[in-house]
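Read the structure below first, then the notes.
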Amino acid sequence: MADNEPSAEPISSIERLLENTIFASRWLLAPFYLGLALSIVVVLIKFMAEFFHLAMHAFTATESDVILGVLSLVDLALMGSLLIIVIFSGYENFVSKIHLNDHKDWPEWMGKIDFSALKLKLLSSIVAISAIHLLKSFMALKTVTPEMEKSLFWLVVIHLVFVVSSVLLALSDRIAAKYGDK
């Protein structure tokens with residue numbers, strides 16, 4: 001018998017039950033993805049509150065305040081997009097396929113993001129969110145005190161850790177893809 005042919009040994013009913021139970025356990029993740037979908041509502045509420053606040057103060061706010069407000073909106077939009085990517089990709093990779101391929105609004109990327117690509121998109125979104133937070137912190141500066149300087153230093157360090165982590169993850173995935181098939 002060749003090495004790649006399945007064994008002809010019969011599977012016991014206990015083994016089959018165990019394997020079916022383990023396979024079905026993936027559905028325990030479904031409530032997590034549903035909870036993440038519902039959390040988009042929370043992000044939307046915060047987005048609307050930020051937008052309303054920005055709109056109400058548009059005529060009296062400084063240019064810097066408007067830019068900071070818009071950056072907050074971008075930050076929340078990125079968070080919502082990140083949640084969508086995690087929900088759809090995670091559900092499709094770990095629970096079940098979503099059978100809406102014939103829907104006219106079906107996103108092009110759906111069903112094409114594997115776990116490796118999901119990690120990279122997740123880290124890329126975190127880097128973008130971190131960059132926006134860092135930019136907001138710099139723009140909010142009026143005067144620099146030693147405490148603020150120390151706080152900004154750590155924000156930069158944390159952001160750089162995210163950037164370096166993303167680059168290393170992308171590099172390791174590229175190396176694994178290049179040499180994994182051999």
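Read-outs throughout are calculated quantities, based only on the coordinates presented, and are distinct from any laboratory measurement. On a predicted model such as this, the values are computed, not experimentally measured, just so you know. All Cβ positions, even for glycine, are placed from backbone atoms using ideal geometry, and neighbour counts span all protein chains on display.
Values as computed for the structure displayed
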item: Extension gain from Met139 to Glu108, taking 0.36 nm per residue of separation minus the Cα-Cα distance; result: 7.5 nm
item: ³J(HN,Hα), Karplus 6.51/-1.76/1.60, whole Hz, each residue of region 141-158, x for Gly, Pro; result: 5, 9, 9, 9, 9, x, 5, 5, 4, 5, 5, 5, 4, 5, 4, 5, 4, 4
item: Cα centroid of region 137-152 to Cα centroid of region 64-92, whole Å; result: 25
item: Extension reserve of the Leu17-Lys119 stretch, reckoned as 0.36 nm per residue once the Cα distance is removed; result: 33.5 nm
item: Computed FRET value (nearest 0.05) for Ala55 with Leu100, which takes r as the C-beta separation and R₀ as 35 Å; result: 0.50
item: Label corresponding to log10 I(q)/I(0) by the Debye sum over Cα atoms at q = 0.08 Å⁻¹ when calculated from the structure given, among [x] -0.24; [y] -0.44; [z] -0.30; result: [y]
item: Theoretical FRET efficiency, 1/(1+(r/R0)^6), r = Cβ-Cβ of Ile175 and Leu71, R0 30 Å, to 0.05; result: 0.30
